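Reading through the structure tokens given below for one structure.
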Amino acid sequence: MAKNFQLIHLTIDKEHLNKASNRLRNQFVGCMHAHNELTILNRLLVFTMNDTGNGELHDSAQSVQMWFILQLLSAKLFETWVMLTERFLQRNPPDVVGRLEPAHKASLEWLIHYFGNRQPFKSSALKIIRDKTAFHYDRINITEAAANLAASENGIYLAQHPANSLYYMGSALVFRAAFAMIADKAEGTANGSHEERVHKGTKIALDNASEANSHMHAVLYGLIKLLIDDVLGQPAANEQQVRINVLDAPAPERVSIPAFIDID
């Protein structure tokens, strides 16, 4: 069912923004921009999990869409952490992060343990996805994956318009190789058949993305909360607030991304 709720609209006066130091302004903008990107990717990931049709063709298209958004989200989580380490943990004194609330500090510690706090960052499932499939196209060995494709994974669907073409085999090979690599690099999971390692790597990637996503949003929220006050020079609660009604917001399970579109 659709739901109504309210948003609080705050206006950051240009004078306050211009008076802020370059460091404060860059920290503030970086956190807000990263939060927007992660929010949109999270929303899209939920939508790709909702069915738009039945049968092998739609299942293949939905799988490609879901993995594509998941890999972008995973890579953006990694890049958001790079930004946070550069702007908060390395180049500047830890004045802002030192003021985080205990729950947000706990999330920060989790992220430091998972990613590391300086280059080169720790090897992780999210780093592998970022390096091998999302923002880069590093060479990846698909020999084992090619020898273990499932019966439905060798399909290629050609359409008159490229927007409706689906090269399922190409994505299936990359996914299999990446997930097996993730399993091989995790402690105690390198043994087993290719299929077993792909399943293990898939679970590791999904679990890591989910947990990192939760902690990253907590840290960004905590930082933005502090930085708003710093930019304004006073608590944001003291500023004039405008309430905006959002009407008929759909439930996430009622929104889906179609696998194919009617296009000339």
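The values are calculated or read from the model by the stated rules, or taken from the named source; none is laboratory data. All figures in this text were calculated on a predicted structure; none of them were measured in a lab. Here the Cβ is made from the backbone with ideal geometry for all residues, glycine too, and neighbour counts use every protein chain on show. Please note that ligands, DNA and RNA were not included when accessible areas were found on the heavy atoms of the full protein model with its side chains. Shrake-Rupley method; radii C 1.70, N 1.55, O 1.52, S 1.80 Å.
Kirkwood-based Rg over Rh for the stretch 107-264 (C-alpha set), two decimals?
1.10
May I ask you to evaluate 6.51 cos²θ - 1.76 cosθ + 1.60, the Karplus curve with θ = phi - 60°, for each residue of the stretch 170-184 and list the ³J(HN,Hα) values in order in whole Hz, giving x for glycine and proline?
x, 6, 4, 5, 5, 4, 4, 5, 5, 5, 5, 5, 4, 5, 5
I'd like the FRET efficiency for ASN4 and SER210, computed as 1/(1 + (r/R0)^6) with the beta carbon distance as r and R0 of 30 Å, rounded to 0.05.
0.55
Give, in nm to one decimal, the length gained when the segment between ALA237 and ASP51 is fully stretched (0.36 nm per residue of separation minus the Cα-Cα distance).
62.7 nm
Label 7 Å along Cα→Cβ of ASP95; the stretch 228-245 residues with amide nitrogen under 19 Å?
228-236
Once the Cβ-Cβ distance between ASN191 and VAL255 is put in as r, and R0 is 41 Å, what FRET efficiency do you end up with, to the nearest 0.05?
Taking R0 as 41 Å, the efficiency between ASN191 and VAL255 is 0.50.
With the full set of protein chains in place, find how many percent of the accessible area of the chain is carbon and sulfur; take the probe as 1.4 Å.
Numbers: 8220 of 15290 Å².
So the carbon and sulfur contribution to the accessible surface is 54 percent.
Could you state the principal axis extents of the C-alpha atoms in the chain, from the largest down, to the nearest angstrom?
Here the Cα extents, ordered largest to smallest, are 62, 44, 30 Å.
On the Cα set of the stretch 114-173, report Rg and Dmax in Å, please.
Just the Cα atoms of the stretch 114-173 yield Rg and Dmax of 15.8, 48 Å.
So the label point goes 7 Å from the Cα of ASP184 along Cα→C-beta, right? Which residues of the stretch 103-133 then have their backbone N under 19 Å from it?
Taking a point 7 Å out along Cα→Cβ of ASP184, the residues of the stretch 103-133 whose backbone N falls under 19 Å are 123-133.
In vacuo Debye scattering of the stretch 73-135, one point per C-alpha: log10 I(q)/I(0) at q = 0.17, 0.20, 0.23 Å⁻¹?
For the requested q values the scattering log ratios are -0.59, -0.79, -0.98.
I need the chymotrypsin sites (Phe, Trp or Tyr not before Pro) found in the stretch 1-80, filtered to DSSP loop residues with at most 13 other beta carbons within 10 Å of theirs.
none
For every helix of n ≥ 4 consecutive DSSP H residues, a contribution of -39,500 (n - 2.57) applies; sum these over the chain, divide by its total residues, and give [θ] at 222 nm rounded to the nearest 500 deg cm²/dmol. Show your work: numbers first, answer last.
Working: 8 runs with 142 residues, N = 264.
One gets -18000 deg cm²/dmol as the mean residue ellipticity at 222 nm.
Could you tell me the calculated FRET efficiency between ALA147 and GLU86, based on Cβ-Cβ distance and R0 = 35 angstrom, to the nearest 0.05?
Calculated value: 0.25.
By how many degrees, between 0 and 90 and to the nearest 10, does the Cα long axis of helix 22-48 differ from the longest principal axis of the chain?
Taking the Cα atoms of the chain, the angle to 22-48 is about 40 degrees.
Collect residues whose amide H, placed 1.01 Å from N in the peptide plane, falls under 5 Å from the amide H of TYR157; neighbours closer than 5 in sequence don't count.
Those qualifying (amide H under 5 Å, at least 5 residues apart or on another chain) are LEU166, TYR167, TYR168.
Scan the stretch 152-200 for GluC sites (Glu not before Pro) in coil per DSSP, keeping those whose Cβ has at most 11 other Cβ atoms within 10 Å, and list them by number.
Within the stretch 152-200, the qualifying GluC sites (Glu not before Pro) (loop, at most 11 other Cβ atoms within 10 Å) are GLU187.
What is the diffusion coefficient of the stretch 127-218 in µm²/s, taking the Kirkwood radius over Cα pairs and the Stokes-Einstein relation at 37 °C with a viscosity of 0.692 mPa s? Before the final figure, lay out the partial values.
Working: Rh = 14.4 Å.
Answer from the Stokes-Einstein relation: 227 µm²/s.
Please sort by residue number the chymotrypsin sites (Phe, Trp or Tyr not before Pro) in the stretch 138-205 whose DSSP state is loop and whose Cβ has at most 15 other Cβ atoms within 10 Å.
TYR167
Please report how far the C-alpha centroid of the stretch 186-228 lies from that of the stretch 1-68, rounded to the nearest whole angstrom.
18
If you line up the long axis of helix 56-84 against the longest principal axis of the chain, both from Cα atoms, how many degrees apart are they, to the nearest 10?
Helix 56-84 and the main axis of the chain meet at about 40 degrees.
With a 1.4 Å probe and every protein chain left in place, work out the accessible area per residue of the chain in Å², rounded to a whole number.
Ligands and nucleic acids excluded, the figure is 58 Å² per residue.
Which distance in nm do the two modelled labels at LEU247 and HIS136 give, with both placed 7 Å along the Cα-to-Cβ direction?
5.0
In square nanometres, what is the average projected area of the Cα convex hull of the stretch 1-106?
10.2
If you fit an axis through the alpha-carbon atoms of helix 194-232 and take the longest principal axis of the Cα set of the chain, what angle between them do you get, 0 to 90°, nearest 10?
20
Using a 10 angstrom Cβ neighbour count of at most 13 plus a DSSP loop assignment to flag exposed trypsin sites (Lys or Arg not before Pro), which longest range of the chain is free of such sites?
Result for the longest clean stretch: 140-264.
I'd like the Karplus ³J(HN,Hα) series for the stretch 146-158: coefficients 6.51, -1.76, 1.60, θ = phi - 60°, whole numbers in Hz, and an x wherever there's a Gly or Pro.
Here the 3J(HN,Hα) series is 5, 7, 10, 4, 6, 4, 8, 9, 9, x, 10, 10, 9 Hz.
Given q = 0.13, 0.17, 0.21 Å⁻¹, what are the Debye log10 I(q)/I(0) values for the stretch 37-154, with equal point scatterers placed on the Cα positions and solvent ignored?
-0.69, -0.98, -1.23
Please list ASP51, ASP59 in order of solvent-accessible area, largest first, computed with a 1.4 Å probe with all protein chains present.
ASP51, ASP59
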